[in-house]
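Asks: If you scroll down you'll find the structure; I have some questions about it.
The values are calculated or read from the model by the stated rules, or taken from the named source; none is laboratory data. Computed from a predicted structure; not experimentally measured. Note that each Cβ is placed from the backbone with ideal geometry, even for glycine, and that neighbours are counted across all protein chains shown. Ligands, DNA and RNA are stripped out before the accessible areas are found, and what is left, the full protein with its side chains, is counted by its heavy atoms. Shrake-Rupley method; radii C 1.70, N 1.55, O 1.52, S 1.80 Å.
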Amino acid sequence: MVKRNKILLRNIDWRIVIIYMIMIFFGCMNLYSVSPEKAEKQLIWILLSFFFIFIIFLFKPIHYKHITPFLFLFTLFLLIGVFFFGKNVNGSKSWYVFGSISFQPSELAKISTSLMIAHIMSQENIENNNKALLHISIILVLPSFLILLQPDPGSSIVFSSFLLTLYREGLSISFILYFLFYILLFVVSINLSPWIVILLLFISFIFFFFLKKNISFLDLFFYIFLFISFSVFSFFSPFVFQKFFKQHHKDRINILFQNEFDRKYRDNVGYNLLYSKTAIGSGKFFGKGYQKGTVTKGKFVPEQHTDYIFCTVGEEWGFIGSVILIIFYLLFISRIYFLSERQKNIFGRIFGYSVGNILFIHLIINLGMVMGLFPTIGIVLPFFSYGGSSLWSFTVLLFIFIRIDASDQTSLI
(Lines give C-alpha, C1' and ligand atoms only; values in the text may rest on other atoms or scores of the structure.)
Protein backbone atom coordinates (compact mmCIF):
# COMPACT_ATOMS: atom_id res chain seq x y z
CA MET A 1 0.00 0.00 0.00
CA VAL A 2 2.80 2.42 0.96
CA LYS A 3 4.70 1.57 -2.24
CA ARG A 4 1.58 2.13 -4.35
CA ASN A 5 0.95 5.52 -2.69
CA LYS A 6 4.55 6.58 -3.36
CA ILE A 7 4.18 5.64 -7.04
CA LEU A 8 0.88 7.51 -7.19
CA LEU A 9 2.41 10.67 -5.70
CA ARG A 10 5.36 10.42 -8.07
CA ASN A 11 3.02 10.14 -11.05
CA ILE A 12 0.96 13.22 -10.17
CA ASP A 13 1.48 16.00 -12.69
CA TRP A 14 2.85 18.54 -10.23
CA ARG A 15 3.14 21.28 -12.86
CA ILE A 16 -0.63 21.52 -13.19
CA VAL A 17 -1.02 21.35 -9.39
CA ILE A 18 1.44 24.26 -8.97
CA ILE A 19 -0.44 26.39 -11.52
CA TYR A 20 -3.69 25.58 -9.69
CA MET A 21 -2.17 26.69 -6.37
CA ILE A 22 -0.83 29.92 -7.87
CA MET A 23 -4.20 30.81 -9.39
CA ILE A 24 -6.36 30.16 -6.32
CA PHE A 25 -4.09 32.19 -4.02
CA PHE A 26 -3.60 35.00 -6.56
CA GLY A 27 -7.39 35.01 -6.93
CA CYS A 28 -7.76 35.28 -3.15
CA MET A 29 -5.31 38.21 -3.13
CA ASN A 30 -7.40 40.07 -5.71
CA LEU A 31 -10.56 39.25 -3.81
CA TYR A 32 -8.96 40.81 -0.71
CA SER A 33 -8.74 44.10 -2.61
CA VAL A 34 -12.48 43.96 -3.29
CA SER A 35 -13.61 42.70 0.12
CA PRO A 36 -11.32 41.49 2.95
CA GLU A 37 -14.29 39.74 4.62
CA LYS A 38 -15.10 37.73 1.49
CA ALA A 39 -11.42 36.93 0.97
CA GLU A 40 -11.27 35.42 4.46
CA LYS A 41 -14.27 33.21 3.66
CA GLN A 42 -12.71 32.27 0.32
CA LEU A 43 -9.50 31.24 2.10
CA ILE A 44 -11.55 28.93 4.35
CA TRP A 45 -13.17 27.39 1.25
CA ILE A 46 -9.72 26.97 -0.32
CA LEU A 47 -8.53 25.09 2.78
CA LEU A 48 -11.68 22.95 2.70
CA SER A 49 -11.03 22.18 -0.98
CA PHE A 50 -7.82 20.43 0.13
CA PHE A 51 -10.02 18.06 2.12
CA PHE A 52 -11.99 17.28 -1.05
CA ILE A 53 -8.71 16.61 -2.86
CA PHE A 54 -7.74 14.14 -0.14
CA ILE A 55 -11.10 12.33 -0.49
CA ILE A 56 -10.73 12.22 -4.28
CA PHE A 57 -7.38 10.42 -4.01
CA LEU A 58 -8.88 7.75 -1.73
CA PHE A 59 -10.87 6.43 -4.71
CA LYS A 60 -9.53 4.55 -7.71
CA PRO A 61 -10.55 5.57 -11.25
CA ILE A 62 -12.62 2.39 -11.59
CA HIS A 63 -14.75 3.56 -8.65
CA TYR A 64 -15.65 6.77 -10.48
CA LYS A 65 -16.86 4.73 -13.44
CA HIS A 66 -19.07 2.62 -11.17
CA ILE A 67 -20.71 5.50 -9.28
CA THR A 68 -21.18 7.76 -12.33
CA PRO A 69 -24.77 6.68 -13.28
CA PHE A 70 -25.95 7.02 -9.67
CA LEU A 71 -24.28 10.42 -9.27
CA PHE A 72 -25.90 11.64 -12.51
CA LEU A 73 -29.37 10.52 -11.38
CA PHE A 74 -28.82 12.13 -7.98
CA THR A 75 -27.87 15.39 -9.73
CA LEU A 76 -31.08 15.32 -11.80
CA PHE A 77 -33.13 14.88 -8.60
CA LEU A 78 -31.36 17.88 -7.06
CA LEU A 79 -32.00 19.98 -10.18
CA ILE A 80 -35.70 19.09 -10.07
CA GLY A 81 -35.91 19.58 -6.31
CA VAL A 82 -34.57 23.13 -6.49
CA PHE A 83 -37.88 24.23 -8.10
CA PHE A 84 -39.69 23.16 -4.92
CA PHE A 85 -37.14 23.69 -2.15
CA GLY A 86 -34.67 26.16 -3.67
CA LYS A 87 -34.19 29.81 -2.83
CA ASN A 88 -34.57 32.60 -5.35
CA VAL A 89 -31.29 34.52 -5.72
CA ASN A 90 -30.94 37.35 -8.26
CA GLY A 91 -34.02 36.23 -10.15
CA SER A 92 -33.02 32.54 -10.40
CA LYS A 93 -34.29 29.71 -8.24
CA SER A 94 -31.05 27.77 -8.41
CA TRP A 95 -29.78 27.52 -4.82
CA TYR A 96 -30.35 25.26 -1.84
CA VAL A 97 -29.85 27.21 1.38
CA PHE A 98 -29.27 25.53 4.76
CA GLY A 99 -28.74 28.28 7.31
CA SER A 100 -25.45 30.00 6.40
CA ILE A 101 -24.56 27.28 3.89
CA SER A 102 -25.70 27.55 0.26
CA PHE A 103 -25.26 25.07 -2.57
CA GLN A 104 -25.87 25.37 -6.32
CA PRO A 105 -26.70 21.97 -7.90
CA SER A 106 -25.72 23.21 -11.37
CA GLU A 107 -22.09 23.07 -10.17
CA LEU A 108 -22.49 19.38 -9.32
CA ALA A 109 -24.13 18.90 -12.74
CA LYS A 110 -20.87 19.88 -14.46
CA ILE A 111 -19.05 17.10 -12.60
CA SER A 112 -21.67 14.37 -13.00
CA THR A 113 -22.33 15.19 -16.67
CA SER A 114 -18.60 15.13 -17.45
CA LEU A 115 -18.30 11.72 -15.80
CA MET A 116 -21.46 10.43 -17.50
CA ILE A 117 -20.32 11.56 -20.96
CA ALA A 118 -16.97 9.81 -20.38
CA HIS A 119 -18.76 6.70 -19.08
CA ILE A 120 -21.06 6.37 -22.11
CA MET A 121 -18.52 7.34 -24.75
CA SER A 122 -15.91 4.94 -23.39
CA GLN A 123 -18.39 2.17 -24.27
CA GLU A 124 -19.94 3.56 -27.46
CA ASN A 125 -18.20 5.27 -30.37
CA ILE A 126 -20.31 8.22 -31.58
CA GLU A 127 -18.75 8.27 -35.04
CA ASN A 128 -21.43 7.02 -37.48
CA ASN A 129 -23.44 5.77 -34.49
CA ASN A 130 -26.79 7.55 -34.27
CA LYS A 131 -27.90 5.52 -31.24
CA ALA A 132 -24.87 6.56 -29.21
CA LEU A 133 -25.30 10.16 -30.34
CA LEU A 134 -28.92 10.07 -29.17
CA HIS A 135 -27.85 8.79 -25.73
CA ILE A 136 -25.26 11.56 -25.42
CA SER A 137 -27.78 14.20 -26.54
CA ILE A 138 -30.25 13.10 -23.83
CA ILE A 139 -27.53 13.23 -21.19
CA LEU A 140 -26.60 16.78 -22.23
CA VAL A 141 -30.12 18.12 -22.73
CA LEU A 142 -31.62 16.92 -19.42
CA PRO A 143 -29.42 18.91 -16.96
CA SER A 144 -28.97 21.94 -19.26
CA PHE A 145 -32.75 22.21 -19.83
CA LEU A 146 -33.51 21.95 -16.10
CA ILE A 147 -30.90 24.63 -15.38
CA LEU A 148 -32.32 26.85 -18.12
CA LEU A 149 -35.78 26.63 -16.51
CA GLN A 150 -34.49 27.96 -13.16
CA PRO A 151 -33.73 30.29 -15.12
CA ASP A 152 -29.93 30.23 -15.18
CA PRO A 153 -28.97 30.61 -18.86
CA GLY A 154 -25.31 31.18 -18.00
CA SER A 155 -24.80 27.78 -16.36
CA SER A 156 -26.87 26.19 -19.12
CA ILE A 157 -24.60 27.63 -21.83
CA VAL A 158 -21.59 25.99 -20.16
CA PHE A 159 -22.94 22.62 -21.31
CA SER A 160 -22.25 23.64 -24.90
CA SER A 161 -18.57 23.03 -24.08
CA PHE A 162 -19.26 19.29 -24.37
CA LEU A 163 -19.67 19.78 -28.13
CA LEU A 164 -15.90 20.31 -28.26
CA THR A 165 -15.41 17.01 -26.42
CA LEU A 166 -17.72 15.26 -28.88
CA TYR A 167 -15.80 16.83 -31.78
CA ARG A 168 -12.55 15.36 -30.42
CA GLU A 169 -14.24 11.95 -30.36
CA GLY A 170 -15.47 12.07 -33.96
CA LEU A 171 -18.51 14.37 -34.08
CA SER A 172 -18.74 16.19 -37.40
CA ILE A 173 -17.71 19.86 -37.32
CA SER A 174 -21.03 20.58 -39.06
CA PHE A 175 -22.94 20.07 -35.79
CA ILE A 176 -20.85 22.72 -34.04
CA LEU A 177 -21.15 25.13 -36.97
CA TYR A 178 -24.95 24.68 -37.04
CA PHE A 179 -25.09 25.30 -33.29
CA LEU A 180 -23.06 28.51 -33.61
CA PHE A 181 -25.13 29.65 -36.59
CA TYR A 182 -28.38 29.19 -34.65
CA ILE A 183 -26.97 31.37 -31.85
CA LEU A 184 -25.96 34.03 -34.39
CA LEU A 185 -29.38 33.78 -36.05
CA PHE A 186 -31.12 34.25 -32.70
CA VAL A 187 -29.09 37.37 -31.86
CA VAL A 188 -29.62 38.89 -35.32
CA SER A 189 -33.35 38.08 -35.34
CA ILE A 190 -34.05 39.92 -32.08
CA ASN A 191 -32.37 43.05 -33.44
CA LEU A 192 -33.64 43.00 -37.04
CA SER A 193 -37.03 42.26 -38.55
CA PRO A 194 -37.36 38.47 -39.08
CA TRP A 195 -38.53 39.19 -42.63
CA ILE A 196 -35.25 40.95 -43.38
CA VAL A 197 -33.32 38.02 -41.90
CA ILE A 198 -35.34 35.52 -43.98
CA LEU A 199 -34.73 37.60 -47.11
CA LEU A 200 -30.98 37.60 -46.40
CA LEU A 201 -31.11 33.83 -45.88
CA PHE A 202 -32.94 33.39 -49.18
CA ILE A 203 -30.37 35.50 -51.06
CA SER A 204 -27.55 33.53 -49.42
CA PHE A 205 -29.06 30.19 -50.44
CA ILE A 206 -29.65 31.37 -54.03
CA PHE A 207 -26.06 32.63 -54.23
CA PHE A 208 -24.84 29.28 -52.87
CA PHE A 209 -26.79 27.34 -55.53
CA PHE A 210 -25.16 29.34 -58.30
CA LEU A 211 -21.71 28.53 -56.92
CA LYS A 212 -22.42 24.85 -56.26
CA LYS A 213 -22.18 22.46 -59.17
CA ASN A 214 -23.90 19.09 -59.71
CA ILE A 215 -26.41 19.33 -56.86
CA SER A 216 -28.30 16.04 -56.40
CA PHE A 217 -31.96 15.80 -55.51
CA LEU A 218 -31.09 14.76 -51.94
CA ASP A 219 -28.76 17.74 -51.60
CA LEU A 220 -31.50 20.04 -52.89
CA PHE A 221 -33.99 18.60 -50.40
CA PHE A 222 -31.48 19.03 -47.57
CA TYR A 223 -30.77 22.69 -48.41
CA ILE A 224 -34.47 23.48 -48.72
CA PHE A 225 -35.01 21.86 -45.32
CA LEU A 226 -32.16 23.98 -43.86
CA PHE A 227 -33.63 27.17 -45.32
CA ILE A 228 -37.09 26.38 -43.87
CA SER A 229 -35.70 25.47 -40.45
CA PHE A 230 -33.51 28.61 -40.33
CA SER A 231 -36.46 30.77 -41.43
CA VAL A 232 -38.86 29.30 -38.84
CA PHE A 233 -36.23 29.67 -36.11
CA SER A 234 -35.61 33.29 -37.13
CA PHE A 235 -39.33 34.07 -37.22
CA PHE A 236 -40.04 32.71 -33.73
CA SER A 237 -36.83 33.96 -32.04
CA PRO A 238 -38.27 37.43 -31.15
CA PHE A 239 -41.39 35.78 -29.69
CA VAL A 240 -39.30 33.42 -27.53
CA PHE A 241 -37.06 36.31 -26.47
CA GLN A 242 -40.00 38.49 -25.39
CA LYS A 243 -42.14 35.79 -23.73
CA PHE A 244 -39.66 33.44 -22.07
CA PHE A 245 -36.68 35.64 -21.13
CA LYS A 246 -36.88 37.60 -17.89
CA GLN A 247 -36.51 41.35 -18.20
CA HIS A 248 -33.02 41.47 -16.68
CA HIS A 249 -31.86 38.83 -19.16
CA LYS A 250 -33.33 40.83 -22.06
CA ASP A 251 -31.68 44.01 -20.78
CA ARG A 252 -28.27 42.31 -20.54
CA ILE A 253 -28.50 41.11 -24.14
CA ASN A 254 -29.86 44.40 -25.48
CA ILE A 255 -27.07 46.44 -23.88
CA LEU A 256 -24.54 44.72 -26.15
CA PHE A 257 -26.10 46.55 -29.09
CA GLN A 258 -26.53 49.85 -27.26
CA ASN A 259 -24.12 52.31 -25.65
CA GLU A 260 -23.70 51.73 -21.92
CA PHE A 261 -22.44 55.33 -21.61
CA ASP A 262 -25.86 56.59 -22.71
CA ARG A 263 -27.66 58.34 -19.83
CA LYS A 264 -30.67 56.00 -20.00
CA TYR A 265 -28.43 52.93 -19.52
CA ARG A 266 -25.51 54.08 -17.38
CA ASP A 267 -27.50 54.19 -14.12
CA ASN A 268 -29.23 50.79 -14.54
CA VAL A 269 -28.58 47.97 -16.99
CA GLY A 270 -25.27 49.39 -18.25
CA TYR A 271 -23.89 50.29 -14.83
CA ASN A 272 -21.80 47.15 -14.20
CA LEU A 273 -20.39 47.09 -17.70
CA LEU A 274 -19.62 50.83 -17.68
CA TYR A 275 -17.54 50.68 -14.50
CA SER A 276 -16.00 47.34 -15.43
CA LYS A 277 -14.60 48.88 -18.61
CA THR A 278 -13.60 51.99 -16.66
CA ALA A 279 -11.67 49.90 -14.12
CA ILE A 280 -9.87 47.83 -16.76
CA GLY A 281 -9.04 50.89 -18.87
CA SER A 282 -7.79 52.91 -15.90
CA GLY A 283 -5.16 50.27 -15.15
CA LYS A 284 -3.38 51.14 -18.42
CA PHE A 285 -0.15 49.21 -19.08
CA PHE A 286 1.33 48.50 -15.64
CA GLY A 287 -1.72 48.97 -13.39
CA LYS A 288 -2.26 51.18 -10.37
CA GLY A 289 -0.72 48.71 -7.94
CA TYR A 290 -2.09 46.16 -5.50
CA GLN A 291 -4.95 47.57 -3.38
CA LYS A 292 -4.63 50.94 -5.11
CA GLY A 293 -7.52 50.58 -7.55
CA THR A 294 -9.86 53.54 -7.11
CA VAL A 295 -12.84 51.88 -8.82
CA THR A 296 -12.28 48.75 -6.74
CA LYS A 297 -11.87 50.67 -3.48
CA GLY A 298 -14.93 52.77 -4.28
CA LYS A 299 -16.97 49.56 -4.78
CA PHE A 300 -18.49 50.93 -7.98
CA VAL A 301 -18.95 47.45 -9.52
CA PRO A 302 -21.61 45.55 -7.49
CA GLU A 303 -20.60 42.05 -8.67
CA GLN A 304 -16.87 42.67 -8.65
CA HIS A 305 -16.20 39.83 -6.22
CA THR A 306 -17.89 37.24 -8.48
CA ASP A 307 -18.59 37.73 -12.20
CA TYR A 308 -16.48 40.90 -12.55
CA ILE A 309 -13.39 39.94 -10.55
CA PHE A 310 -11.23 40.29 -13.68
CA CYS A 311 -11.72 44.08 -13.73
CA THR A 312 -9.80 44.17 -10.42
CA VAL A 313 -6.88 42.47 -12.18
CA GLY A 314 -7.11 44.97 -15.05
CA GLU A 315 -7.17 47.99 -12.74
CA GLU A 316 -4.51 46.97 -10.23
CA TRP A 317 -2.17 44.88 -12.40
CA GLY A 318 -2.78 46.57 -15.76
CA PHE A 319 -2.40 45.17 -19.26
CA ILE A 320 0.76 43.25 -18.31
CA GLY A 321 -0.88 41.52 -15.33
CA SER A 322 -4.03 40.72 -17.33
CA VAL A 323 -2.04 39.16 -20.18
CA ILE A 324 0.08 37.11 -17.76
CA LEU A 325 -3.08 35.81 -16.07
CA ILE A 326 -4.64 34.85 -19.42
CA ILE A 327 -1.40 33.09 -20.43
CA PHE A 328 -1.49 31.16 -17.14
CA TYR A 329 -5.04 30.06 -17.89
CA LEU A 330 -4.15 29.01 -21.43
CA LEU A 331 -1.09 27.07 -20.21
CA PHE A 332 -3.24 25.44 -17.55
CA ILE A 333 -5.97 24.38 -20.00
CA SER A 334 -3.40 23.32 -22.62
CA ARG A 335 -1.74 21.10 -20.03
CA ILE A 336 -5.09 19.42 -19.33
CA TYR A 337 -5.52 18.75 -23.07
CA PHE A 338 -1.98 17.36 -23.27
CA LEU A 339 -2.56 15.03 -20.33
CA SER A 340 -5.90 13.97 -21.84
CA GLU A 341 -4.24 12.93 -25.10
CA ARG A 342 -1.76 10.66 -23.35
CA GLN A 343 -4.41 8.67 -21.48
CA LYS A 344 -4.39 4.92 -22.12
CA ASN A 345 -7.99 4.74 -20.92
CA ILE A 346 -10.72 6.24 -23.14
CA PHE A 347 -12.70 7.22 -20.03
CA GLY A 348 -9.79 9.34 -18.78
CA ARG A 349 -9.24 11.03 -22.14
CA ILE A 350 -12.88 12.03 -22.59
CA PHE A 351 -13.23 13.22 -19.00
CA GLY A 352 -10.02 15.25 -19.30
CA TYR A 353 -11.23 16.99 -22.44
CA SER A 354 -14.54 17.76 -20.72
CA VAL A 355 -12.69 19.38 -17.80
CA GLY A 356 -10.52 21.45 -20.13
CA ASN A 357 -13.47 22.55 -22.25
CA ILE A 358 -15.56 23.60 -19.24
CA LEU A 359 -12.69 25.76 -17.96
CA PHE A 360 -12.14 27.16 -21.46
CA ILE A 361 -15.79 28.18 -21.98
CA HIS A 362 -15.86 29.80 -18.51
CA LEU A 363 -12.71 31.77 -19.29
CA ILE A 364 -13.89 32.98 -22.72
CA ILE A 365 -17.39 33.98 -21.60
CA ASN A 366 -16.24 35.67 -18.37
CA LEU A 367 -13.62 37.76 -20.16
CA GLY A 368 -16.21 38.60 -22.81
CA MET A 369 -18.66 39.72 -20.11
CA VAL A 370 -16.31 42.15 -18.35
CA MET A 371 -15.24 43.67 -21.69
CA GLY A 372 -18.76 43.99 -23.09
CA LEU A 373 -18.38 41.31 -25.78
CA PHE A 374 -20.87 38.94 -24.14
CA PRO A 375 -23.98 39.54 -22.02
CA THR A 376 -23.72 39.29 -18.24
CA ILE A 377 -25.05 35.79 -17.53
CA GLY A 378 -23.45 34.85 -14.22
CA ILE A 379 -20.40 32.98 -15.50
CA VAL A 380 -17.59 33.06 -12.92
CA LEU A 381 -13.85 33.13 -13.56
CA PRO A 382 -12.55 29.68 -12.46
CA PHE A 383 -10.52 29.66 -9.21
CA PHE A 384 -10.76 33.47 -9.00
CA SER A 385 -14.37 34.43 -8.40
CA TYR A 386 -15.83 34.39 -4.91
CA GLY A 387 -17.91 31.34 -4.00
CA GLY A 388 -17.48 27.94 -2.38
CA SER A 389 -19.72 26.00 -4.80
CA SER A 390 -17.83 27.09 -7.92
CA LEU A 391 -14.37 26.72 -6.33
CA TRP A 392 -15.15 23.22 -5.08
CA SER A 393 -16.72 22.08 -8.35
CA PHE A 394 -13.71 23.22 -10.40
CA THR A 395 -11.34 21.69 -7.86
CA VAL A 396 -13.19 18.36 -7.83
CA LEU A 397 -13.32 18.29 -11.65
CA LEU A 398 -9.61 18.99 -11.93
CA PHE A 399 -8.40 16.58 -9.26
CA ILE A 400 -10.56 13.68 -10.36
CA PHE A 401 -8.76 14.02 -13.68
CA ILE A 402 -5.35 14.37 -11.97
CA ARG A 403 -6.16 11.20 -9.99
CA ILE A 404 -7.11 9.35 -13.19
CA ASP A 405 -3.97 10.59 -14.96
CA ALA A 406 -1.68 9.54 -12.09
CA SER A 407 -3.09 6.00 -12.14
CA ASP A 408 -3.26 5.75 -15.93
CA GLN A 409 0.54 5.84 -16.18
CA THR A 410 0.87 2.56 -14.28
CA SER A 411 -2.54 0.86 -14.15
CA LEU A 412 -6.05 1.32 -15.48
CA ILE A 413 -7.44 0.68 -11.98
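Asks: Would you check the accessible area of residue 251, probe 1.4 Å, heavy atoms only, in square angstrom rounded to 10?
Replies: Surface open to solvent at residue 251 totals about 50 Å².
Asks: Next question. So what's the gap between the Cα centers of the range 46-67 and the range 337-356, to the nearest angstrom?
Replies: Here the answer is 17 Å between Cα centres.
Asks: Quick one: what are the phi-derived ³J(HN,Hα) couplings along the range 180-187, Karplus 6.51/-1.76/1.60 with θ = phi - 60°, whole Hz, x for glycine and proline?
Replies: Per residue, the Karplus-derived 3J(HN,Hα) values read 5, 5, 5, 5, 4, 5, 4, 5 Hz.
Asks: Tell me, what is the per residue accessible area of the chain in Å², probe radius 1.4 Å?
Replies: 51
Asks: Measure of size requested: the Rg and Dmax of the chain, with Cα atoms as the atom set and Å as the unit; please supply both.
Replies: 22.8, 71
Asks: Give me the number: length gained by fully extending residue 224 to residue 9, i.e. 0.36 nm times residue separation minus the C-alpha to C-alpha distance, one decimal in nm.
Replies: 71.6 nm
Asks: Also, I was wondering about something else. Applying 1/(1 + (r/R0)^6) with R0 = 30 Å to the Cβ-Cβ distance of residue 178 and residue 18, what FRET efficiency is obtained, to the nearest 0.05?
Replies: Efficiency computed from Cβ-Cβ geometry: 0.15.
Asks: Keeping all protein chains in place and using 1.4 angstrom, which order do 315, 40, 124 fall into by accessible surface area, from largest down?
Replies: Heavy-atom accessible area, descending, gives 40, 124, 315.
Asks: Out of residues 5 or more away from residue 94 or on other chains, whose amide H comes under 5 Å of its own, with H placed 1.01 Å from N in the peptide plane?
Replies: 87, 89
Asks: Which whole-number percent gives the relative contact order of the chain, counting Cα pairs below 8 Å spaced six or more residues apart?
Replies: Rounded, it is 25 percent for the chain.
Asks: Spelling out what I want: for every residue of the range 360-370, take phi, set θ = phi - 60°, compute 6.51 cos²θ - 1.76 cosθ + 1.60 (Karplus), and round to whole Hz; glycine and proline get x.
Replies: 5, 5, 4, 4, 5, 5, 5, 5, x, 5, 6
Asks: Which lysines, if any, have their Cα less than 16 Å from the Cα of residue 344, not counting same-chain residues under 8 positions apart?
Replies: Reachable lysines: 60, 65.
Asks: A further question on this structure: What is the Å³ per residue value for the convex hull set by the Cα atoms of the range 265-393?
Replies: Convex hull of Cα atoms, per residue: 106 Å³.
Asks: Holding the Cα-Cα limit at 19 Å, pick out from 41/87; 38/297; 38/110 the pairs that are longer than that.
Replies: The answer is 41/87; 38/110.
Asks: Another question, if that's okay. If you rank 303, 316 by how much accessible surface each has, with a 1.4 Å probe, what is the order from largest down?
Replies: 303, 316
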